[in-house]
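Trainee: So that we are looking at the same thing, I have put the structure below in structure tokens.
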Amino acid sequence: MPSQSRIPFVNQPTRRGFLGGGAASLAFWSCVPSRAVAAPRDPRFLVIILRGGLDGLSYIAPVGDPDYIGLRGALALPVEGSDAATSLDGLFALNRNAPFLAELYKRREAIAIQAVATPYRGRSHFDGQDVLESGLGQVARIEDGWLNRSLGVVPAVGLPRRSGLALAAVVPLVIRGKQPIYSWIPPAANLPLRESTIQRLVDLYAATDPQLAAAFAEGISSRAVGRSETSAAPMPGQAPTSPGQAAPFAGFVAAAETAGRFLASADGPRIGALSFDGWDMHAHAGVVDGQLGRRLGGLDLAIRALHTALGAAWSETVIALVTEFGRTVRPNGSAGTDHGIATCALLLGGRVNGGRVIADWPGLSESALYEGRDLRPTIDLRSVLKGVLKDHLGLSAGALRARSMAS
Amino acid sequence: MSKSPKDAVTALRRFGLGVRPDELSRIDSDPHGFVASQLDSRSSAIIGVALPAAHERLGEIYRAERASRITKSAVTDARAKSSGSTLLKPEAALPTPARLAREAFKAEVEARVVHAVTTDAPFIERLVLFWSNHFAVSASKGIVRGIVGGFEREAIRPNVLGRFSDLVRAAAQHPAMLMYLDNVHSVGPKSDFGRKSGRGLNENLAREILELHTLGVSGGYSQADVRALAVLLTGWTVGNAASTKWVPGKFRFEPNWHEPGGALLLGRSYMQSGRAAGEAALLDLARHPSTARNIAGKLVRHFVGDATTDGLVGKLERAFLDSDGDLATVMRALLEAREAWTAPQQKVVPPYDYMVSLVRGFAQVEPPIRLHQFAARLGHVTWSPTSPKGWPDGDQDWAGPAALRERLRIVEVFARKVAGTADPRSLADQLLGAQLTPATRTHIERAEAHIQGLVILAMSPEFLRR
């Protein structure tokens, strides 16, 4: 096992670079020296937004922090017994409901980043998601997201199409914008669409409504891929159609699998976004066998499904799991947690030089907590994401500054 | 007010749920009066008087929960005694709590859809949809599924033309909201029960009341205010089945859970005893200038579009403050503003409203639940938004590429059913009136068959936007 964060503050980034302007990118996530692929690169990048505020301390738990058990109480992960968390290094351990993630970590294809946050310091889900997806330093209410802006400046080599991928009826802000996107939801009725009707609507929109024209063209262009390569899978939040081990999270798993197939296909999109909702657990969170534990288990199944569906393309892939903010370090009055600040993020995939937890661990002592209640952020999430855009997708420093995540 | 030929269709689309084939000519002489007069009748928002109340549905669900516990333990006991052989089986006929909640949900959805496609006061129904989404609860949270319909009928519908403060209180005290935003779990740490049990605050409801229901996220409150409101709302809970002292399934105040000593919220102290402190706080929040601004902006963006002017928002804001939050007065201010009628049609109609407008326009009889199912396929699941913020409401939010494509597929289903009876050219005139553009008319006229003409009508920019 790697030993980087056996002791807090090893692997310590310079703080100034990550806070404030957020201009620096986090370079040491990268795989490039050890896993450089000789063949022409065809990189894939998928961003999974865990909406509702993931309790990072229950996913990647700082079990070695002396204040952890005392502060977390009933929400502390056990380190012994059949439910014991999987040790990642001396400080952090992984929730037992994430066996596939543990496997990826062991194979050095997963990096966990702890005490990370966007520049947002409020506790509103919606403003938090706005900052996370716009990529700006504050709430800005703009109409495009950093992933879409990045699409516009990705070097063309190895990217046969610049379209982004969204698997949602309402396209998430992170990938909304000027660059075209593939968008897919399961067919609403068992009916083929008629080419002649499509053509007439394309004509009509072209003449009178440019916005509808663009959206309709994108919708139609992704139809064939959707039909030939995916079954009518339920979307996140929808009732599952088939029973089985993944039943409550069948929507998660199906969406992940669909995304994997799109990204794997020869002429498919290469950059995409997915949302998994439902992480806002204010009461009876249940980190091992309660609602949070089960949902982490569902997420693990979804990651596994992505891995399978990507097939050989996994080796060219980076997946980022991010959330708008973390949660209070102490449980609230009803064995859940309220909205907090810093949390964890994950980078997964064959292009990740993993098997490490990256943290400038602030600790959980009373004086270390942000406003006396939340995990203090020490890494700017934008620096992590910029690192991926730069090293994996080849965005230049100039493009990063100007287009993707201006601060 | 000056009048334009487009006003009749605007009255029925922007301020309604779509045009019925004979409707434009009927209201053409006074489209403004047609909309404004709907504000005079508070009772037109009321539906489903024969449906069980939310507390009756909850009571039934609690009984089923209790019965299933008893049955389970009886089975376990019997198994233990008879070394493996089963003497008692759970009664198959006994409905499970989840099934009761599902059945209640379906009945409520059907009542709502039937009303939407038949109502003669569509503007009032739009207000119901707006406020129901503003005070969003979601069927995705356990047994809340069984009472989301009751929430809308009991907390929203009676108040959409009343005072905003009544709406805020009715929403915050409804079991669906108390359960959805976890206030039923919030205990004053220094209350009797809090000291005994070690339990404490849950700030979920308090935060969303400040951020979403009243002041708005930039309305000028702090984390300390969130906590203060949470303190004031401790003890606001729902009667469970375990006592004869209260009605199961109804809002009740539990003094033993209430944090003593009051709290300081937005610089004002609330020291009243019992539930009065929380009610006083909600009243002040409902009357706050930030709330007036927040509500006015949200209403204008909803009905007119994202590119609204400060002037129009200011008119509603003043009407709100001058009338002490009388919502009928606020809506009159909107209807009296000429720009509310003349602003370009930018808002893509959300799937549920769109399905209702298809049925109204095509005079098509569909099983009510089908409308809900079609809207759900387009991502708009009745009473099931994915967050307390409710459904997105931006001009283009419902024009996602895949959703637009699947809308076409659904329209095909409808067009096939009515193709024999409806002429697309005359229907286009009847449904879009003066908003029908030459381009759309030409494309409908040149369609290769009636079905295709109807599809182009329903997918035209004029029909997709309002």
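The values are calculated or read from the model by the stated rules, or taken from the named source; none is laboratory data. Every value quoted in this text rests on a predicted model; they were computed, and no experiment measured them. Positions of Cβ are generated from backbone atoms using ideal geometry, with glycine treated the same way; all protein chains shown enter the neighbour counts.
Trainee: If you take the residues of region A:185-220 that are out of contact with any helix residue (DSSP H, G or I) (no Cβ under 8 Å at 6 or more places or on another chain) and part of a helix (DSSP H, G or I), which of them is nearest to the other protein chains (Cβ to nearest Cβ)? Steps first, answer last, please.
Mentor: We begin by selecting, within region A:185-220, every residue out of contact with any helix residue (DSSP H, G or I) (no Cβ under 8 Å at 6 or more places or on another chain); these are A:190, A:192, A:195, A:199, A:210-211, A:214.
Then keep just the ones that are part of a helix (DSSP H, G or I); that gives A:195, A:199, A:210-211, A:214.
On the way: A:195: 11, A:199: 11, A:210: 10, A:211: 6, A:214: 8 Å.
Filtering region A:185-220 for residues that are out of contact with any helix residue (DSSP H, G or I) (no Cβ under 8 Å at 6 or more places or on another chain) and part of a helix (DSSP H, G or I), the one nearest to the other protein chains (Cβ to nearest Cβ) comes out as A:211.
Trainee: For region B:244-253, indicate whether the set of residues that are more than 26 Å from residue B:287 (Cα to Cα), of a type in the set (Ser, Thr, Tyr) and part of a loop (DSSP other than H, G, I, E, B) is non-empty.
Mentor: Of region B:244-253, the ones more than 26 Å from residue B:287 (Cα to Cα) are B:244-250.
With the extra rule that they be of a type in the set (Ser, Thr, Tyr), the set shrinks to B:244.
Keeping just the survivors that are part of a loop (DSSP other than H, G, I, E, B) gives B:244.
Checked region B:244-253: at least one residue is more than 26 Å from residue B:287 (Cα to Cα), of a type in the set (Ser, Thr, Tyr) and part of a loop (DSSP other than H, G, I, E, B).
Trainee: Run down A:74, A:115 and say which single residue is touching a Cys at 6+ places or on another chain (Cβ under 9 Å) and either outside any loop (DSSP other than H, G, I, E, B) or free of Cβ contacts under 8 Å to residues at least 40 places away in the same chain (or both). Give the derivation first.
Mentor: Working: A:74 fails: touching a Cys at 6+ places or on another chain (Cβ under 9 Å).
A:115 is the lone residue from the list that is touching a Cys at 6+ places or on another chain (Cβ under 9 Å) and either outside any loop (DSSP other than H, G, I, E, B) or free of Cβ contacts under 8 Å to residues at least 40 places away in the same chain (or both).
Trainee: Scan region B:277-293 and give yes if some residue there is closer than 23 Å to residue B:15 by Cβ, at pLDDT 95 or above and β-branched (Val, Ile, Thr), otherwise no.
Mentor: Kept after step one, since they are closer than 23 Å to residue B:15 by Cβ, are these residues of region B:277-293: B:292-293.
If we keep only those that are at pLDDT 95 or above too, we end up with B:292-293.
Next, from what is left, pick out any that are β-branched (Val, Ile, Thr): none.
Checking region B:277-293: not a single residue is closer than 23 Å to residue B:15 by Cβ, at pLDDT 95 or above and β-branched (Val, Ile, Thr).
Trainee: Having 1 or more residues that are over 23 Å from the mean Cα position of the chain (by Cα) and surrounded by fewer than 23 Cβ atoms within 10 Å (Cβ to Cβ) is the bar; report the helices (runs of 4 or more DSSP H) wholly within region B:312-387 that clear it. Outline the logic, then answer.
Mentor: Values: elements: B:327-336, B:338-342, B:351-362, B:368-377.
In region B:312-387, the matching helices (runs of 4 or more DSSP H) lie at B:327-336, B:338-342.
Trainee: Quick one: in region B:372-400, of everything that is of a type in the set (Asp, Glu) and more than 7 Å from chain A (Cβ to nearest Cβ), which residue is farthest from residue A:177 (Cα to Cα)?
Mentor: Going residue by residue through region B:372-400, those that are of a type in the set (Asp, Glu) are B:393, B:395, B:397.
Adding the requirement that they be more than 7 Å from chain A (Cβ to nearest Cβ) leaves B:393, B:395.
Numbers: B:393: 17, B:395: 14 Å.
By that ranking, first place goes to B:393.
Trainee: Just to verify a result, which residue in region A:131-148, among those that are within 21 Å of residue A:221 (Cβ to Cβ) and not small (Gly, Ala, Ser), is modelled with the lowest pLDDT? Step through it out loud before you land on a result.
Mentor: Within region A:131-148, the subset within 21 Å of residue A:221 (Cβ to Cβ) is A:144-145, A:147-148.
Filter once more, so that each one left must be not small (Gly, Ala, Ser): A:144, A:147-148.
Working: A:144: 89, A:147: 94, A:148: 92.
Looking at the filtered set, the residue picked out is A:144.
Trainee: Can you pull out the residues in region B:206-245 that are facing chain A (nearest Cβ under 10 Å) and of a type in the set (D, E, K, R)?
Mentor: Correct list: B:207, B:208, B:211, B:227.
Trainee: Then there's this: From (1) within 14 Å of chain B (Cβ to nearest Cβ); (2) part of a loop (DSSP other than H, G, I, E, B); (3) in contact (Cβ under 8 Å) with a residue 24 or more places away in the chain, pick out the condition that doesn't hold for residue A:142.
Mentor: All conditions are met except number (3).
Trainee: Can you tell me which residue is nearest to residue A:177 (Cα to Cα) among those in region A:118-134 that are assigned to a loop (DSSP other than H, G, I, E, B) and within 12 Å of chain B (Cβ to nearest Cβ)? It would help to see each step written out before you state the result.
Mentor: Going through region A:118-134, the residues assigned to a loop (DSSP other than H, G, I, E, B) turn out to be A:118-124.
Within this subset, residues satisfying the condition of being within 12 Å of chain B (Cβ to nearest Cβ) are A:120-124.
On the way: A:120: 22, A:121: 25, A:122: 25, A:123: 26, A:124: 23 Å.
My answer is A:120.
Trainee: Have a look at B:453, B:420 and point out the one that is on the phi < 0 side of the Ramachandran plot and either not assigned by TED's automatic domain parsing to the domain that holds residue B:367 or not in a helix (DSSP H, G or I) (or both).
Mentor: None of the other options fit; the residue is B:420.
Trainee: Next question. Identify all residues within region B:401-420 that are free of Cβ contacts under 8 Å to residues at least 40 places away in the same chain and either surrounded by fewer than 22 Cβ atoms within 10 Å (Cβ to Cβ) or more than 7 Å from chain A (Cβ to nearest Cβ) (or both); write none if there are none.
Mentor: B:409, B:413, B:416, B:419, B:420
Here is a yes/no grid of residues against (1) farther than 14 Å from residue B:237 by Cα; (2) in a loop (DSSP other than H, G, I, E, B); (3) within 14 Å of chain A (Cβ to nearest Cβ); (4) modelled with pLDDT of 95 or more:
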residue	(1), (2), (3), (4)
B:161	yes, yes, no, yes
B:167	yes, no, no, yes
B:176	no, no, no, yes
B:179	no, no, yes, yes
B:184	no, no, yes, yes
B:190	yes, yes, yes, yes
B:195	yes, no, yes, yes
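Trainee: Something else: Can you tell which of B:429, B:423, B:393 is at pLDDT 95 or above, more than 20 Å from residue B:5 (Cα to Cα) and surrounded by fewer than 19 Cβ atoms within 10 Å (Cβ to Cβ)? Steps first, answer last, please.
Mentor: On the way: B:429 fails: more than 20 Å from residue B:5 (Cα to Cα); B:423 fails: at pLDDT 95 or above.
Going through B:429, B:423, B:393 in turn, just one is at pLDDT 95 or above, more than 20 Å from residue B:5 (Cα to Cα) and surrounded by fewer than 19 Cβ atoms within 10 Å (Cβ to Cβ): B:393.
Trainee: Another one. Does residue B:135 count as within 20 Å of residue B:99 (Cα to Cα), within 10 Å of the chain's Cα centre (by Cα) and crowded, with 21+ Cβ neighbours inside 10 Å? Working first, answer last.
Mentor: Values: within 20 Å of residue B:99 (Cα to Cα): no; within 10 Å of the chain's Cα centre (by Cα): yes; crowded, with 21+ Cβ neighbours inside 10 Å: yes.
No, not satisfied.
Trainee: Residue check, residue B:21 against (1) in contact with a Leu (Cβ under 8 Å, 6 or more places away or on another chain); (2) buried (at least 19 other Cβ atoms within 10 Å of the Cβ), all met but one. Which one?
Mentor: Among (1) in contact with a Leu (Cβ under 8 Å, 6 or more places away or on another chain); (2) buried (at least 19 other Cβ atoms within 10 Å of the Cβ), residue B:21 violates only (2).
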